[in-house]
Each structure stands twice: as structure tokens, then as C-alpha cells.
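Data first, discussion second: the structure below is written as C-alpha cells.
The values are calculated or read from the model by the stated rules, or taken from the named source; none is laboratory data. Treat the numbers as computed from the prediction; the structure is a model and nothing was measured. A quick note on method: Cβ atoms are made from the backbone with ideal geometry, for glycine too, and the neighbour counts reach across all protein chains shown. Remember, those area values only see protein heavy atoms, side chains included, never the ligands or the DNA or RNA. Shrake-Rupley method; radii C 1.70, N 1.55, O 1.52, S 1.80 Å.
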Amino acid sequence: MAEIEVGALSLRLEAHAFNSLAEMMQEAVARLAVYSAAKSQSQFTTSVKNVH
């Protein structure tokens, strides 16, 4: 059993549940990075097309 507090959120989970949570958070971070990169690329492409 382990406990983690983030602001007002407190989680008390078994160790394997924390491992699952960590994996889900790592996947979310990776997805956000891909989304951010795609958004930046899209904005760059749009700005380049607008330059004459």
C-alpha cells in the first residue's frame, strides 16, 4: 500500500495499481507530446503558406 498526494487529491493504492497508473501517465505524456508536435507542425505549415 502506498499513498500519493497531489494538491487536494490523495490516492492510496496497492503497488501494482501505482505501476498501472504510472504506465497510463507515461502514455498520456507521450500522446500529448505527439499532439503538441503535430499542432506546432500544422501551425508552422500554415504560417509558411501565408508568406509570399
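Only helices enter this figure: runs of n ≥ 4 DSSP H residues, each worth -39500 (n - 2.57), summed and divided by the residues of the chain, yield -24500 deg cm²/dmol at 222 nm to the nearest 500. Of the GluC sites (Glu not before Pro) in the range 1-42, the ones in a loop by DSSP (not H, G, I, E or B) with at most 11 other beta carbons within 10 Å are E14.
Rounded to whole Å, the principal axis extents of the Cα atoms in the chain read 61, 22, 6, largest first.
In the chain, the portion of solvent-accessible area held by carbon and sulfur atoms comes to 62 percent [1.4 Å probe, whole percent, DNA, RNA and ligands not counted].
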